[in-house]
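The values are calculated or read from the model by the stated rules, or taken from the named source; none is laboratory data. Predicted model, so just to flag it, every value in this text is computed and none were measured. A quick note on method: Cβ atoms are made from the backbone with ideal geometry, for glycine too, and the neighbour counts reach across all protein chains shown.
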Amino acid sequence: MMNYVLFDDSAWSDLLPLTFIRPACEIRIGILTIKEKWEFLFKKDFSYKTQNYLSVKFPFKIKEKYPTLFINGRVCPDETLFREIKKLKMFQVLYLGNIPLAYCGDTDSGEFHANFTKVYSKSKPTIIQYPWDIFRMNENQLIFDYILLTEGRKSKALSKSNTVIGKGKVFIENGASVECATINPLGGFVYIGKDAIIMEGCHIRGSFSLGEQSEVKMGAKIYGPTTIGPQSKVGGEISNSVIFGYSNKGHDGFLGNSVLGEWCNLGADTNNSNLKNNYADVKAYSYTKHKMINTGLQFCGLIMGDHSKTGINTMLNTGTVVGVNANIFGGGFPATHVPSFSWGGTGKLDKYELTKAFEVAQRVMERRGITLTDADKKILSEVFKTTHHSS
């Protein structure tokens with residue numbers, strides 16, 4: 001018997017604003033979250049070792065008499081790494097370079113110590129360091145998850161009203177509806193989740209994943225590698241982006257090389273730039289360094305934390321980073337870093353008061369049959385306390 005835990009290392013803060021309200025393992029990349037991947041492989045439930053304020057919702061749960069396997073929550077599995085971790089013995093820690101991937105120890109402290117035996121991995125796993133790594137590395141995770149979820153299973157038949165071109169695979173889960181769409185897996189995969197809907201006139205290029213109960217609106221144009229998480233609604237043009245879930249980009253407008261958290265909403269004709277006019281590398285705000293840093297990418301669009309929203313016709317510059325519970329509206333381009341709990345646009349940003357934010361979040365979540373819990377409020381309150389507002 002053994003306990004199974006996913007831990008956050010020091011790079012958790014590099015993944016802000018997407019980790020403000022979650023451990024790194026709850027990030028969606030590919031079809032699944034990182035936690036869902038590991039649980040699928042081990043056929044076990046994992047708990048969390050994360051920031052203290054997050055533990056109210058993501059607890060550290062162990063049975064003390066059993067040893068515990070700890071896996072780094074920002075590391076995605078591959079077959080080699082999975083085998084290596086299963087072979088770990090007590091008081092061994094598995095490294096890739098200077099990154100601890102996993103360790104096996106007792107449950108007293110939940111930490112590994114200097115006297116643990118170091119072993120080194122031969123794997124080449126996907127390890128996310130910054131938010132933009134999520135869309136940058138999404139292709140190989142889409143492939144990994146597609147194989148994981150569909151191997152040995154048969155897809156629901158695709159309606160003859162659709163046109164499938166190119167090489168690749170299409171898998172449709174039960175309850176999904178796809179009509180009069182053009183689908184080109186482009187040598188990769190297209191995965192349509194349970195009870196999801198792709199409406200008439202959509203054009204999809206793989207690799208692409210549509211989560212359970214999500215919708216693609218009529219006439220949408222989606223370029224892979226793109227992931228739309230569960231219970232989301234999307235339309236317009238989307239390219240190489242990841243939407244964690246429960247979010248809307250339901251209208252025309254462009255979203256490219258971007259990552260949206262949960263409970264976000266992009267107003268009609270919201271557009272983001274993903275390429276600078278001079279074709280130089282894009283810089284984006286780092287919450288760790290408190291300044292703009294070079295992403296090393298020529299294409300980088302919008303990083304948006306949970307519960308944030310834009311008004312109609314919002315324009316977002318290349319490499320814009322938006323915190324949690326921000327509300328952006330008005331003409332012109334807002335700053336490339338919009339702090340959490342901000343209200344406004346190109347001018348002075350007002351503070352978005354916590355009680356008002358709770359009211360909106362509750363209404364938004366109730367539309368999908370989900371409740372804003374006391375634990376959610378405590379976590380958001382902590383983010384609010386640590387946010388530096390300009391007003």
Matching residues in the range 173-215 (farther than 16 Å from residue 142 by Cβ and either of a type in the set (A, V, I, L, M) or not assigned by TED's automatic domain parsing to the domain that holds residue 240 (or both)) number 6
Restricting attention to the range 1-49, which residues are of a type in the set (Gly, Ala, Ser) and either assigned to a strand (DSSP E or B) or under 27 Å from residue 150 (Cβ atoms) (or both)? 24, 30, 47
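Quick check on the range 145-167. Is at least one of its residues closer than 30 Å to residue 8 by Cα and part of a loop (DSSP other than H, G, I, E, B)?
Of all residues in the range 145-167, those closer than 30 Å to residue 8 by Cα come to 145-150.
So of that shortlist, the ones also part of a loop (DSSP other than H, G, I, E, B) come out as none.
Looking for residues that are closer than 30 Å to residue 8 by Cα and part of a loop (DSSP other than H, G, I, E, B), one finds none in the range 145-167, hence no.
Can you find even one residue in the range 53-60 that is modelled with pLDDT under 95 and either assigned by TED's automatic domain parsing to the domain that holds residue 150 or of a type outside the set (Ser, Thr, Tyr) (or both)?
Going residue by residue through the range 53-60, those that are modelled with pLDDT under 95 are 60.
Applying the additional criterion that residues be either assigned by TED's automatic domain parsing to the domain that holds residue 150 or of a type outside the set (Ser, Thr, Tyr) (or both) yields 60.
The answer is yes; a qualifying residue exists.
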So which of 105, 73 is closer than 17 Å to residue 35 by Cβ, surrounded by 17 or more Cβ atoms within 10 Å (Cβ to Cβ) and in the same structural domain as residue 32 (by TED's automatic domain parsing)? 73
Quick one: which residue in 364, 383, 338 is aliphatic (A, V, I, L, M) and touching a strand residue (DSSP E or B) at 6+ places or on another chain (Cβ under 6 Å)? 338
Quick count over the range 343-391, residues being within 22 Å of the chain's Cα centre (by Cα) and outside any helix (DSSP H, G or I), is 8
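Output the residues belonging to the range 231-279 that are aromatic (Phe, Trp, Tyr) and in contact with a helix residue (DSSP H, G or I) (Cβ under 9 Å, 6 or more places away or on another chain).
If we filter the range 231-279 for residues that are aromatic (Phe, Trp, Tyr), which is where we start, we get 244, 246, 254, 263, 279.
Result: 244, 246, 263.
Residues to consider are 41, 18; find the one that is at pLDDT 95 or above and either in contact with a Leu (Cβ under 7 Å, 6 or more places away or on another chain) or buried (at least 19 other Cβ atoms within 10 Å of the Cβ) (or both). Give the derivation first.
Values: 41 fails: either in contact with a Leu (Cβ under 7 Å, 6 or more places away or on another chain) or buried (at least 19 other Cβ atoms within 10 Å of the Cβ) (or both).
After ruling out the rest, the residue left standing is 18.
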Can you list the strands (runs of 3 or more DSSP E) found entirely within the range 207-283 that contain at least 1 residues being in contact (Cβ under 8 Å) with a residue 40 or more places away in the chain? 208-210, 226-228, 242-245, 254-256, 259-262
Residue 57, sole failed condition from (1) out of contact with any strand residue (DSSP E or B) (no Cβ under 7 Å at 6 or more places or on another chain); (2) of a type in the set (Lys, Arg); (3) closer than 26 Å to residue 379 by Cβ; (4) surrounded by fewer than 17 Cβ atoms within 10 Å (Cβ to Cβ): (4)
For the range 168-204, what are the residues that are assigned to a loop (DSSP other than H, G, I, E, B) and within 21 Å of residue 240 (Cα to Cα)? 168, 181, 185, 186, 187, 188, 193, 196, 199, 201, 202
Counting only residues that are assigned to a loop (DSSP other than H, G, I, E, B), β-branched (Val, Ile, Thr) and touching a strand residue (DSSP E or B) at 6+ places or on another chain (Cβ under 9 Å), how many does the range 295-312 have? 1
Which condition number in (1) among the basic types (Lys, Arg); (2) closer than 20 Å to residue 142 by Cα; (3) without any contact (Cβ under 8 Å) to a residue 12 or more places away in the chain is the one that residue 87 fails? (2)
